[in-house]
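Asker: So that we are looking at the same thing, I have put the structure below in C-alpha coordinates.
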Amino acid sequence: MTRQFKWDSGLGLLGLLLLFVGSYIGLFVAPAERYMGETQRIMYVHVPCAWNAMLLYTLAFIFAIVSLWTHRPKWDAVTTAAVEVGIVLNALLLVQGSIWARATWGVWWDWDVRLTTSLIMVLLFAGVLALRSFVHDAGRRATWTAIATIVAFVDVPLVYFCVRWWRSLHQVQSTPDTVAPMMVVPLRINAFAILFLAIWMMAQRVRVELARRAQDQVAEPERIAPIGGSTNA
Amino acid sequence: MPDGVIVGGWSYVIAAYSVTAAGLIAYAWSLVHRRRKAELE
Amino acid sequence: MSSERNRRRILAVAAIMVAAGVLAFLAFGGIGENLVYYWSPTELQASGEQAQGATIRLGGLVEPGSIQHSEDGLTLKFAVTDGEASIPINTTSVPPAMFREGVGVVVEGSVNRAGEFETQRLLVKHDNQYQAPGEGESLDMAEMMKSMQFEMEKQDKEKESAE
(Lines give C-alpha, C1' and ligand atoms only; values in the text may rest on other atoms or scores of the structure.)
Protein backbone atom coordinates (compact mmCIF):
# COMPACT_ATOMS: atom_id res chain seq x y z
CA MET A 1 0.00 0.00 0.00
CA THR A 2 1.52 3.27 -1.03
CA ARG A 3 0.48 6.19 1.02
CA GLN A 4 0.93 9.67 -0.29
CA PHE A 5 2.62 12.32 1.80
CA LYS A 6 -0.10 13.99 3.85
CA TRP A 7 -0.15 17.52 5.25
CA ASP A 8 -0.09 16.23 8.82
CA SER A 9 3.11 14.25 8.25
CA GLY A 10 4.86 17.49 7.34
CA LEU A 11 3.47 19.24 10.39
CA GLY A 12 4.46 16.31 12.62
CA LEU A 13 8.04 16.33 11.30
CA LEU A 14 8.24 20.09 11.76
CA GLY A 15 7.04 19.64 15.35
CA LEU A 16 9.66 16.98 15.98
CA LEU A 17 12.41 19.18 14.53
CA LEU A 18 11.31 22.16 16.61
CA LEU A 19 11.17 19.98 19.73
CA PHE A 20 14.81 18.98 19.19
CA VAL A 21 15.89 22.59 18.52
CA GLY A 22 13.90 24.03 21.43
CA SER A 23 15.04 21.33 23.86
CA TYR A 24 18.65 21.74 22.75
CA ILE A 25 18.53 25.48 23.43
CA GLY A 26 16.66 24.87 26.68
CA LEU A 27 19.08 22.24 27.94
CA PHE A 28 22.43 23.56 26.71
CA VAL A 29 22.20 27.23 25.70
CA ALA A 30 19.75 28.89 28.10
CA PRO A 31 21.16 29.86 31.51
CA ALA A 32 20.42 27.94 34.69
CA GLU A 33 17.99 29.72 37.02
CA ARG A 34 19.46 31.71 39.91
CA TYR A 35 17.73 29.60 42.60
CA MET A 36 16.33 26.53 40.85
CA GLY A 37 19.58 25.89 38.97
CA GLU A 38 19.39 23.27 36.24
CA THR A 39 16.02 21.97 37.42
CA GLN A 40 14.31 25.05 35.95
CA ARG A 41 14.95 23.51 32.50
CA ILE A 42 11.96 21.23 33.16
CA MET A 43 9.92 24.35 32.35
CA TYR A 44 10.60 23.95 28.62
CA VAL A 45 8.54 20.76 28.47
CA HIS A 46 6.20 21.37 31.42
CA VAL A 47 4.74 24.71 30.34
CA PRO A 48 4.28 23.76 26.63
CA CYS A 49 2.41 20.62 27.76
CA ALA A 50 0.22 22.73 30.06
CA TRP A 51 -0.60 25.35 27.41
CA ASN A 52 -1.35 22.77 24.74
CA ALA A 53 -3.38 20.47 26.99
CA MET A 54 -5.62 23.42 27.87
CA LEU A 55 -5.79 24.51 24.24
CA LEU A 56 -6.80 20.98 23.17
CA TYR A 57 -9.48 20.77 25.85
CA THR A 58 -10.80 24.17 24.75
CA LEU A 59 -10.90 22.95 21.13
CA ALA A 60 -12.65 19.77 22.30
CA PHE A 61 -15.26 21.95 24.05
CA ILE A 62 -15.91 23.89 20.82
CA PHE A 63 -15.92 20.73 18.68
CA ALA A 64 -18.34 19.11 21.15
CA ILE A 65 -20.83 21.95 20.71
CA VAL A 66 -20.53 21.71 16.92
CA SER A 67 -20.86 17.92 17.13
CA LEU A 68 -24.03 18.20 19.20
CA TRP A 69 -25.38 20.84 16.84
CA THR A 70 -24.64 19.18 13.49
CA HIS A 71 -24.32 15.53 14.51
CA ARG A 72 -21.77 14.89 11.78
CA PRO A 73 -19.40 11.96 12.48
CA LYS A 74 -16.32 14.05 11.71
CA TRP A 75 -17.04 16.44 14.57
CA ASP A 76 -17.43 13.54 16.96
CA ALA A 77 -14.08 12.23 15.71
CA VAL A 78 -12.23 15.53 16.21
CA THR A 79 -13.80 16.00 19.66
CA THR A 80 -12.56 12.56 20.71
CA ALA A 81 -9.14 13.21 19.19
CA ALA A 82 -8.73 16.52 21.02
CA VAL A 83 -9.81 14.95 24.32
CA GLU A 84 -7.45 12.00 23.96
CA VAL A 85 -4.37 14.03 22.98
CA GLY A 86 -5.26 16.49 25.75
CA ILE A 87 -5.20 13.62 28.25
CA VAL A 88 -1.74 12.52 27.07
CA LEU A 89 -0.31 16.04 27.52
CA ASN A 90 -2.18 16.45 30.82
CA ALA A 91 -0.69 13.20 32.15
CA LEU A 92 2.82 14.25 31.07
CA LEU A 93 2.22 17.63 32.70
CA LEU A 94 1.43 15.99 36.04
CA VAL A 95 4.50 13.74 35.99
CA GLN A 96 6.89 16.54 34.92
CA GLY A 97 5.35 18.81 37.55
CA SER A 98 5.80 16.15 40.21
CA ILE A 99 9.50 15.77 39.41
CA TRP A 100 10.01 19.54 39.38
CA ALA A 101 8.08 19.82 42.63
CA ARG A 102 10.33 17.29 44.37
CA ALA A 103 13.37 19.33 43.39
CA THR A 104 12.04 22.78 44.30
CA TRP A 105 9.15 22.57 46.77
CA GLY A 106 10.56 19.45 48.39
CA VAL A 107 7.61 17.10 47.84
CA TRP A 108 6.35 14.91 44.99
CA TRP A 109 2.76 15.98 45.50
CA ASP A 110 0.64 18.39 47.52
CA TRP A 111 -3.12 18.94 47.59
CA ASP A 112 -2.71 22.50 46.46
CA VAL A 113 -5.52 23.94 44.31
CA ARG A 114 -3.51 24.03 41.05
CA LEU A 115 -2.31 20.45 41.40
CA THR A 116 -5.69 19.16 42.52
CA THR A 117 -7.66 20.82 39.71
CA SER A 118 -5.08 19.57 37.16
CA LEU A 119 -5.51 16.02 38.46
CA ILE A 120 -9.31 16.38 38.37
CA MET A 121 -8.97 17.66 34.79
CA VAL A 122 -7.25 14.49 33.55
CA LEU A 123 -9.71 12.29 35.47
CA LEU A 124 -12.75 14.12 34.05
CA PHE A 125 -11.58 13.81 30.46
CA ALA A 126 -10.53 10.18 31.00
CA GLY A 127 -14.13 9.75 32.19
CA VAL A 128 -15.33 11.16 28.86
CA LEU A 129 -13.41 8.44 27.00
CA ALA A 130 -14.60 5.77 29.43
CA LEU A 131 -18.22 6.83 28.98
CA ARG A 132 -17.68 6.82 25.24
CA SER A 133 -16.41 3.24 25.26
CA PHE A 134 -19.58 2.03 27.00
CA VAL A 135 -21.99 3.36 24.34
CA HIS A 136 -22.36 1.09 21.32
CA ASP A 137 -24.71 3.10 19.16
CA ALA A 138 -22.65 5.60 17.16
CA GLY A 139 -25.25 8.37 17.31
CA ARG A 140 -25.73 8.14 21.05
CA ARG A 141 -22.01 7.78 21.55
CA ALA A 142 -21.46 11.09 19.78
CA THR A 143 -24.17 12.80 21.84
CA TRP A 144 -22.86 11.54 25.17
CA THR A 145 -19.25 12.26 24.28
CA ALA A 146 -20.17 15.85 23.44
CA ILE A 147 -22.22 16.45 26.58
CA ALA A 148 -19.57 14.90 28.83
CA THR A 149 -16.87 17.00 27.15
CA ILE A 150 -18.84 20.22 27.71
CA VAL A 151 -19.37 19.37 31.39
CA ALA A 152 -15.74 18.28 31.92
CA PHE A 153 -14.56 21.57 30.41
CA VAL A 154 -15.73 23.44 33.55
CA ASP A 155 -12.47 22.47 35.21
CA VAL A 156 -10.23 23.99 32.50
CA PRO A 157 -10.74 27.70 33.31
CA LEU A 158 -10.55 26.67 36.94
CA VAL A 159 -7.06 25.24 36.42
CA TYR A 160 -6.00 28.48 34.79
CA PHE A 161 -7.51 30.96 37.25
CA CYS A 162 -7.30 29.03 40.54
CA VAL A 163 -3.85 30.38 41.40
CA ARG A 164 -5.22 33.93 41.19
CA TRP A 165 -8.51 33.25 42.93
CA TRP A 166 -7.23 31.14 45.82
CA ARG A 167 -4.07 30.62 47.84
CA SER A 168 -1.85 27.89 46.51
CA LEU A 169 1.61 26.40 46.62
CA HIS A 170 1.95 26.75 42.85
CA GLN A 171 2.96 30.23 41.73
CA VAL A 172 0.83 32.43 39.48
CA GLN A 173 1.45 32.61 35.73
CA SER A 174 4.72 34.14 34.64
CA THR A 175 4.86 36.73 31.87
CA PRO A 176 7.65 37.60 29.42
CA ASP A 177 8.58 40.32 31.94
CA THR A 178 9.23 37.83 34.71
CA VAL A 179 11.22 35.35 32.59
CA ALA A 180 14.76 35.95 31.32
CA PRO A 181 14.78 36.49 27.51
CA MET A 182 17.05 33.49 26.88
CA MET A 183 14.51 31.32 28.69
CA VAL A 184 11.56 32.67 26.69
CA VAL A 185 13.14 31.52 23.39
CA PRO A 186 13.21 27.73 24.04
CA LEU A 187 9.88 27.99 25.85
CA ARG A 188 8.19 29.43 22.77
CA ILE A 189 9.90 27.05 20.34
CA ASN A 190 8.80 24.03 22.38
CA ALA A 191 5.29 25.44 22.74
CA PHE A 192 4.92 25.42 18.94
CA ALA A 193 6.72 22.05 18.71
CA ILE A 194 4.21 20.40 21.05
CA LEU A 195 1.34 22.20 19.26
CA PHE A 196 2.39 20.78 15.87
CA LEU A 197 2.95 17.30 17.32
CA ALA A 198 -0.46 17.50 19.00
CA ILE A 199 -2.13 18.40 15.70
CA TRP A 200 -0.36 15.45 14.04
CA MET A 201 -1.57 13.15 16.82
CA MET A 202 -5.10 14.50 16.52
CA ALA A 203 -5.08 13.90 12.76
CA GLN A 204 -4.04 10.27 13.30
CA ARG A 205 -6.69 9.80 15.97
CA VAL A 206 -9.37 11.25 13.67
CA ARG A 207 -8.37 8.78 10.94
CA VAL A 208 -8.56 5.89 13.41
CA GLU A 209 -12.06 6.99 14.43
CA LEU A 210 -13.37 7.47 10.90
CA ALA A 211 -11.85 4.16 9.73
CA ARG A 212 -13.44 2.34 12.67
CA ARG A 213 -16.76 3.93 11.94
CA ALA A 214 -16.63 2.93 8.28
CA GLN A 215 -15.73 -0.57 9.41
CA ASP A 216 -18.65 -0.75 11.86
CA GLN A 217 -20.99 0.36 9.13
CA VAL A 218 -19.85 -2.54 6.95
CA ALA A 219 -20.06 -5.02 9.81
CA GLU A 220 -23.36 -3.95 11.34
CA PRO A 221 -25.20 -1.72 8.90
CA GLU A 222 -28.60 -2.17 10.56
CA ARG A 223 -27.28 -0.86 13.83
CA ILE A 224 -25.37 2.14 12.59
CA ALA A 225 -27.35 3.14 9.53
CA PRO A 226 -29.80 5.61 11.07
CA ILE A 227 -27.11 7.97 12.30
CA GLY A 228 -28.52 9.94 15.18
CA GLY A 229 -31.57 7.69 15.40
CA SER A 230 -32.18 5.73 18.57
CA THR A 231 -31.77 1.95 18.64
CA ASN A 232 -35.18 1.24 20.08
CA ALA A 233 -37.03 3.09 17.33
CA MET B 1 26.77 24.62 50.01
CA PRO B 2 25.53 27.96 48.64
CA ASP B 3 22.42 28.84 50.57
CA GLY B 4 19.02 28.54 48.96
CA VAL B 5 20.23 27.41 45.52
CA ILE B 6 19.73 23.99 43.95
CA VAL B 7 23.14 22.60 43.04
CA GLY B 8 23.22 20.00 40.31
CA GLY B 9 19.76 18.59 39.80
CA TRP B 10 20.41 17.29 36.28
CA SER B 11 18.91 13.95 37.29
CA TYR B 12 15.52 15.64 37.73
CA VAL B 13 15.83 17.27 34.31
CA ILE B 14 16.82 13.98 32.66
CA ALA B 15 13.93 12.20 34.37
CA ALA B 16 11.38 14.82 33.23
CA TYR B 17 12.60 14.87 29.61
CA SER B 18 12.79 11.06 29.49
CA VAL B 19 9.23 10.69 30.73
CA THR B 20 8.08 13.24 28.14
CA ALA B 21 9.90 11.50 25.29
CA ALA B 22 8.69 8.05 26.39
CA GLY B 23 5.10 9.24 26.73
CA LEU B 24 5.02 10.96 23.34
CA ILE B 25 6.70 8.01 21.56
CA ALA B 26 4.42 5.44 23.20
CA TYR B 27 1.30 7.41 22.28
CA ALA B 28 2.49 8.06 18.71
CA TRP B 29 3.25 4.35 18.33
CA SER B 30 -0.21 3.42 19.61
CA LEU B 31 -1.79 5.82 17.11
CA VAL B 32 0.10 4.37 14.13
CA HIS B 33 -0.69 0.86 15.33
CA ARG B 34 -4.41 1.58 15.85
CA ARG B 35 -4.68 3.37 12.53
CA ARG B 36 -3.12 0.49 10.66
CA LYS B 37 -5.41 -1.97 12.40
CA ALA B 38 -8.52 0.10 11.70
CA GLU B 39 -7.65 0.69 8.05
CA LEU B 40 -6.52 -2.82 7.12
CA GLU B 41 -9.33 -4.81 8.66
CA MET C 1 -35.45 13.27 12.83
CA SER C 2 -35.92 16.98 13.34
CA SER C 3 -37.27 16.54 16.86
CA GLU C 4 -34.18 14.43 17.56
CA ARG C 5 -32.08 17.31 16.30
CA ASN C 6 -33.93 19.80 18.48
CA ARG C 7 -33.46 17.54 21.47
CA ARG C 8 -29.70 17.50 20.89
CA ARG C 9 -29.58 21.26 20.51
CA ILE C 10 -31.50 21.72 23.73
CA LEU C 11 -29.00 19.33 25.34
CA ALA C 12 -26.13 21.43 23.97
CA VAL C 13 -27.55 24.64 25.45
CA ALA C 14 -28.38 22.90 28.74
CA ALA C 15 -24.89 21.40 29.05
CA ILE C 16 -23.25 24.78 28.42
CA MET C 17 -25.52 26.45 30.97
CA VAL C 18 -24.76 23.80 33.60
CA ALA C 19 -21.03 24.19 32.91
CA ALA C 20 -21.22 28.00 33.11
CA GLY C 21 -23.31 27.82 36.27
CA VAL C 22 -20.88 25.53 38.08
CA LEU C 23 -17.96 27.73 37.06
CA ALA C 24 -19.72 30.93 38.17
CA PHE C 25 -20.55 29.33 41.51
CA LEU C 26 -16.94 28.32 42.08
CA ALA C 27 -15.61 31.69 40.96
CA PHE C 28 -18.00 33.97 42.81
CA GLY C 29 -19.50 31.71 45.47
CA GLY C 30 -16.89 32.66 48.04
CA ILE C 31 -15.50 29.13 48.42
CA GLY C 32 -12.07 30.65 48.92
CA GLU C 33 -13.20 32.28 52.15
CA ASN C 34 -14.23 28.98 53.70
CA LEU C 35 -11.56 26.80 52.20
CA VAL C 36 -8.16 28.30 52.80
CA TYR C 37 -5.07 26.45 51.62
CA TYR C 38 -2.79 28.24 54.07
CA TRP C 39 -3.21 30.79 56.84
CA SER C 40 -1.21 33.98 56.96
CA PRO C 41 0.82 34.68 60.14
CA THR C 42 -1.58 37.56 60.94
CA GLU C 43 -4.61 35.26 60.70
CA LEU C 44 -2.94 32.59 62.81
CA GLN C 45 -1.95 35.11 65.47
CA ALA C 46 -5.47 36.57 65.55
CA SER C 47 -6.97 33.14 66.17
CA GLY C 48 -4.87 32.85 69.34
CA GLU C 49 -5.28 29.69 71.41
CA GLN C 50 -8.13 28.46 69.22
CA ALA C 51 -5.64 27.28 66.61
CA GLN C 52 -3.61 25.24 69.11
CA GLY C 53 -3.40 21.54 68.38
CA ALA C 54 -5.27 21.54 65.08
CA THR C 55 -3.36 20.55 61.93
CA ILE C 56 -3.16 23.57 59.68
CA ARG C 57 -0.98 25.09 56.97
CA LEU C 58 0.80 28.38 57.44
CA GLY C 59 2.29 30.40 54.61
CA GLY C 60 4.64 33.38 54.60
CA LEU C 61 8.21 34.49 54.08
CA VAL C 62 11.20 33.25 56.08
CA GLU C 63 12.12 36.23 58.24
CA PRO C 64 15.68 37.38 57.52
CA GLY C 65 18.03 36.66 60.42
CA SER C 66 15.67 34.19 62.07
CA ILE C 67 17.17 30.92 60.82
CA GLN C 68 18.82 28.95 63.64
CA HIS C 69 20.20 25.44 63.39
CA SER C 70 20.62 23.59 66.70
CA GLU C 71 24.16 22.54 67.62
CA ASP C 72 23.50 18.88 66.88
CA GLY C 73 22.06 19.96 63.52
CA LEU C 74 18.82 18.06 64.10
CA THR C 75 16.36 20.85 64.72
CA LEU C 76 15.78 24.00 62.76
CA LYS C 77 14.09 27.12 64.05
CA PHE C 78 13.03 30.13 62.03
CA ALA C 79 10.16 32.59 61.81
CA VAL C 80 7.52 33.03 59.13
CA THR C 81 6.28 36.55 58.51
CA ASP C 82 3.80 38.44 56.36
CA GLY C 83 5.29 41.80 57.26
CA GLU C 84 2.93 42.28 60.22
CA ALA C 85 2.87 39.15 62.35
CA SER C 86 5.66 36.64 62.82
CA ILE C 87 5.26 33.01 63.88
CA PRO C 88 8.16 30.93 65.28
CA ILE C 89 8.63 27.60 63.49
CA ASN C 90 10.20 24.48 64.91
CA THR C 91 11.09 21.50 62.73
CA THR C 92 13.31 18.43 62.60
CA SER C 93 12.71 17.89 58.89
CA VAL C 94 15.46 18.66 56.39
CA PRO C 95 14.51 21.83 54.47
CA PRO C 96 14.47 21.76 50.62
CA ALA C 97 17.61 23.14 48.91
CA MET C 98 15.91 26.43 48.04
CA PHE C 99 15.19 27.25 51.69
CA ARG C 100 16.72 30.63 52.45
CA GLU C 101 16.03 33.99 54.05
CA GLY C 102 13.11 35.81 52.49
CA VAL C 103 11.79 32.85 50.51
CA GLY C 104 8.10 31.94 50.60
CA VAL C 105 7.30 28.77 52.53
CA VAL C 106 4.24 26.74 53.37
CA VAL C 107 4.46 24.65 56.55
CA GLU C 108 1.98 22.01 57.67
CA GLY C 109 1.66 21.20 61.34
CA SER C 110 0.20 22.64 64.52
CA VAL C 111 0.82 25.26 67.16
CA ASN C 112 2.10 23.87 70.49
CA ARG C 113 1.40 25.28 73.96
CA ALA C 114 4.49 27.45 73.82
CA GLY C 115 3.01 29.14 70.75
CA GLU C 116 5.55 27.61 68.38
CA PHE C 117 4.48 26.07 65.11
CA GLU C 118 5.70 22.47 64.97
CA THR C 119 6.05 21.06 61.46
CA GLN C 120 7.43 18.01 59.71
CA ARG C 121 6.33 19.18 56.28
CA LEU C 122 8.20 22.25 55.11
CA LEU C 123 7.60 23.32 51.49
CA VAL C 124 9.45 26.08 49.69
CA LYS C 125 7.32 28.22 47.39
CA HIS C 126 8.62 29.73 44.18
CA ASP C 127 7.44 33.00 42.65
CA ASN C 128 6.84 33.58 38.94
CA GLN C 129 10.32 35.07 38.40
CA TYR C 130 12.73 33.02 36.32
CA GLN C 131 16.08 34.81 36.08
CA ALA C 132 19.68 33.96 35.29
CA PRO C 133 22.13 33.96 38.24
CA GLY C 134 23.27 37.38 39.35
CA GLU C 135 20.12 39.20 38.30
CA GLY C 136 18.23 40.98 41.06
CA GLU C 137 19.47 38.74 43.84
CA SER C 138 19.32 41.45 46.50
CA LEU C 139 16.67 40.63 49.08
CA ASP C 140 13.54 42.68 48.56
CA MET C 141 10.92 41.49 51.08
CA ALA C 142 8.10 43.56 49.54
CA GLU C 143 8.85 42.02 46.15
CA MET C 144 9.06 38.50 47.60
CA MET C 145 5.78 39.02 49.43
CA LYS C 146 4.04 39.09 46.04
CA SER C 147 4.57 35.32 45.80
CA MET C 148 2.09 34.92 48.67
CA GLN C 149 -1.52 35.20 47.56
CA PHE C 150 -2.64 36.96 50.74
CA GLU C 151 -0.58 39.89 49.57
CA MET C 152 -2.53 39.94 46.29
CA GLU C 153 -5.78 39.66 48.27
CA LYS C 154 -4.73 42.65 50.37
CA GLN C 155 -3.88 44.68 47.27
CA ASP C 156 -7.22 43.73 45.68
CA LYS C 157 -9.06 44.90 48.81
CA GLU C 158 -7.14 48.17 48.88
CA LYS C 159 -8.01 48.72 45.24
CA GLU C 160 -11.67 48.02 45.94
CA SER C 161 -11.86 50.42 48.86
CA ALA C 162 -10.08 53.10 46.84
CA GLU C 163 -12.70 52.93 44.12
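The values are calculated or read from the model by the stated rules, or taken from the named source; none is laboratory data. Source: prediction; values computed, not measured. Neighbour counts run over all protein chains shown; Cβ positions are idealised from the backbone, glycine included.
Asker: From B:SER30, B:SER11, which residue is within 14 Å of chain C (Cβ to nearest Cβ), part of a helix (DSSP H, G or I) and polar (S, T, N, Q)?
Answerer: Being within 14 Å of chain C (Cβ to nearest Cβ), part of a helix (DSSP H, G or I) and polar (S, T, N, Q) holds for just one of B:SER30, B:SER11, which is B:SER11.
Asker: Still on this structure, please answer the following. Looking only at the stretch A:166-178, how many residues end up being without any contact (Cβ under 8 Å) to a residue 24 or more places away in the chain, under 20 Å from C:MET148 (Cβ atoms) and either of a type in the set (A, V, I, L, M) or surrounded by fewer than 17 Cβ atoms within 10 Å (Cβ to Cβ) (or both)?
Answerer: So the first thing to find is which residues in the stretch A:166-178 are without any contact (Cβ under 8 Å) to a residue 24 or more places away in the chain, and the list is A:171-178.
Pick out the ones that are also under 20 Å from C:MET148 (Cβ atoms) and you get A:171-175, A:177-178.
Now narrow it down to the ones that are either of a type in the set (A, V, I, L, M) or surrounded by fewer than 17 Cβ atoms within 10 Å (Cβ to Cβ) (or both): A:172-173, A:175, A:177-178.
Selection size over the stretch A:166-178: 5.
Asker: OK, next. Looking only at the stretch C:42-60, filter to residues that are in contact with a helix residue (DSSP H, G or I) (Cβ under 9 Å, 6 or more places away or on another chain) and within 14 Å of chain A (Cβ to nearest Cβ); which one of those is surrounded by the most Cβ atoms within 10 Å (Cβ to Cβ)?
Answerer: C:GLY60
Asker: Evaluate the following for C:LEU44: is it closer than 26 Å to C:VAL103 by Cα and at pLDDT 85 or above?
Answerer: yes
Asker: Among the listed residues A:THR70, A:THR104, which satisfies the condition of being within 12 Å of another protein chain (Cβ to nearest Cβ), surrounded by fewer than 23 Cβ atoms within 10 Å (Cβ to Cβ) and of a type outside the set (A, V, I, L, M, F, W, C)?
Answerer: Exactly one residue qualifies, and that residue is A:THR70.
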